[in-house]
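The values are calculated or read from the model by the stated rules, or taken from the named source; none is laboratory data. Since we're looking at a predicted model, the values are computed, not measured. Ideal geometry is used to build each Cβ from the backbone, glycine not excepted, and the neighbour counts take in all protein chains shown.
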Amino acid sequence: MTKGTRNEIIADIMDWSATWGSPLSREQAEAKAEKDKAANDAQCKQLLSGLNTMRSVGRIASVNDKGEREYMTDEQRDALIASREQEYNQHCN
């Protein structure tokens, strides 16, 4: 989602739609901005929940092609958590 003030986001949506698609009215742009914000908020909530789960469990496992459980090393786990924190900070703060 585009970051900025509400008015900047609405203006960006209106500019983009005028350039690349059908021009939107301010009301349509506001509705789109609200919808986009709700979707972003839901994604951020899911990212934070996943981060909290990863931080609280001792080991993280996945299932390989043979159906066997494989555990991440501490370094892999830390790298995954750092990657998700970066994604959260970039999109949610």
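Yes or no, residue by residue, for (1) over 15 Å from residue 92 (Cα atoms); (2) charged (D, E, K, R); (3) at pLDDT 90 or above; (4) out of contact with any His (no Cβ under 8 Å at 6 or more places or on another chain):
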| position | (1), (2), (3), (4) |
| --- | --- |
| 19 | yes, no, no, yes |
| 26 | yes, yes, no, yes |
| 33 | yes, no, no, yes |
| 45 | no, yes, yes, yes |
| 59 | yes, yes, no, yes |
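Note on region 62-93: among residues that are of a type in the set (A, V, I, L, M, F, W, C) and surrounded by 10 or more Cβ atoms within 10 Å (Cβ to Cβ), the one that is nearest to the chain's Cα centre (by Cα) is 92. Summed over region 29-61, the residues that are among the basic types (Lys, Arg), without any contact (Cβ under 8 Å) to a residue 24 or more places away in the chain and surrounded by 11 or more Cβ atoms within 10 Å (Cβ to Cβ) give a count of 2. Of all the criteria given as (1) of a type in the set (D, E, K, R); (2) at pLDDT 90 or above; (3) within 25 Å of residue 93 (Cβ to Cβ), the one not satisfied by residue 8 is (2). Scanning region 64-93 for residues that are touching a residue at least 12 places away in the same chain (Cβ under 8 Å) and within 13 Å of residue 43 (Cα to Cα) yields 84, 87, 88, 91, 92.
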